[in-house]
Amino acid sequence: MTFIQLNQLYKRHSRWVPIVSFFGGFLFDMIVLRRIDDVKVILQQALYLLIVAALIGIDLIEEDRKVQSPKVLSKVWKFRKAILHFLLGTLLNSYTIFYFKSASALTSLFFIVILGGLVILNEFKKFGRSETQVHVAFLSLCLISYFTSLAPTLMGFIGTLPFLCAVAGSLMTFAGYYAIIKTKISDNPSLLKTHLAFPFAAIQIVIVILYFINAIPPVPLSVKYMGIYHGVTKTEGGWELSYTRPRWKFWQNGDQTFLARRGDEVYCYVQVFSPVRFKDRLQIRWLYWVEKRGWLSSDAIPMPVLGGREEGYRAVTKKSNFEPGKWRVQIETLESREIGRLGFVIAQDTDTGERDQHKVVR
């Protein structure tokens, strides 16, 4: 197919370009995206951010005056909007996936819903005269998300300090970007404020507020698996987990209906993913439900976590003193930012016969 034919095809189906770009970016991301600490993923996102910033910079300059396309880019110049949508969509998809893996609390899931809405909004909504401002806001969101995942990965722990370093990295990067754009449209300071500084700053402020109300998921950590078991034993091949759950309840992790007899202990087995060279401490919190009082904390047991394993760092905690009723186990950071949770019920087992136990090694 010649370039002229491609151009004609583009004009004929231009209204479908954003949709194709959206699904193309999403599928591309699903195929390429691997671990959050993968050097290729980190460099790929940095390159995408650089290209997105350059394309938005061109749009900013065009708000001030007509921009002539460089000769070397003349053939692809008219496709730059589609390229911008593709790259923004891919970046937003990536961060939505990373945040989703680390989200558990309702506030975090609400944030994920908003982020997913922005992904769709980016692709299917026309913003008219506000398009450049919206794209700058999306760039701000992608940039702070990039540093929010990068800082704890490089520093080897999670918490307020890595987050503040991420915010500082985002602001310093923007300061350099702002200085470059300012040289191109220095005679229009109001445009710099309304189309660049204000939308960028607004997103940064919102993210900081959301972080301190625990609405931002604790990337780059994520719970790979949680389960409740009657017994857990360390073996050469891993951990041997014992459960009595009927096999037809295949959707449950272990004994989420825990039939307890005298002398039983409730075991919680977890696998938590963290980046290479990551070394931090989490906590496993046990909670039980009390009518008219809600969920009450029973114990918060420290849990060290080391990074690098694809399947996640494995840990076990147990509960010896318990009462029948509704229970929940939460995996949290030391700042009580929830990473994962699992609900289960403890019921009295009146049967005295031999148990039908099953075992699995993880």
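Computed from the coordinates by the stated procedures, all read-outs in this text should not be read as laboratory data. Note that this is a predicted model, so its numbers are computed, not measured. Please note: Cβ atoms are built from the backbone with ideal geometry, for glycine as well, and neighbour counts cover all protein chains shown.
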Computed label-point distance, nm, for sites ARG328 and LYS193 using a 7 Å Cα→Cβ extension: 4.7
Cβ crowding within 10 Å averaged over residues, with 155-163, 345-353 ranked highest first: 155-163, 345-353
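Highest first, please rank the peptides 328-338, 305-315 by the mean number of other Cβ atoms sitting within 10 Å of their residues.
Details: 328-338: 19.0, 305-315: 16.6.
Ranking the peptides 328-338, 305-315 by packing returns 328-338, 305-315.
Can you give the FRET efficiency to the nearest 0.05 for LYS318 and ALA54, using r as the Cβ-Cβ distance and R₀ = 56 Å? Spell out each step's value before the answer.
Values: r = 55 Å, r/R0 = 0.98.
Efficiency at R0 = 56 Å is approximately 0.55.
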Relative pair counts by distance (%), Cα atoms of region 222-362, 5 Å bins: 2, 9, 19, 22, 20, 14, 8, 3, 1, 0
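Can you give the FRET efficiency for LEU47 and TRP251, using 1/(1 + (r/R0)^6), R0 = 45 Å, r = Cβ-Cβ distance, to the nearest 0.05?
On the way: r = 40 Å, r/R0 = 0.89.
That pair, LEU47 with TRP251, gives E of 0.65.
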Residues listed by number, region 130-164, amide nitrogen under 15 Å from LEU210 label point at 7 Å toward C-beta: 137-149
Separation of alpha-carbon centers, region 242-280 and region 199-234, rounded to whole Å: 21
Relative packing of peptides 225-237, 48-60 - highest average C-beta neighbours within 10 Å first: 48-60, 225-237
Among ALA300, PRO220, GLN271 the positive-end extreme of the charge dipole of region 210-322 (Cβ point charges): ALA300
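Using just the alpha carbons, could you tell me how many Å³ per residue the convex hull of region 158-309 encloses?
It is 206 Å³ per residue.
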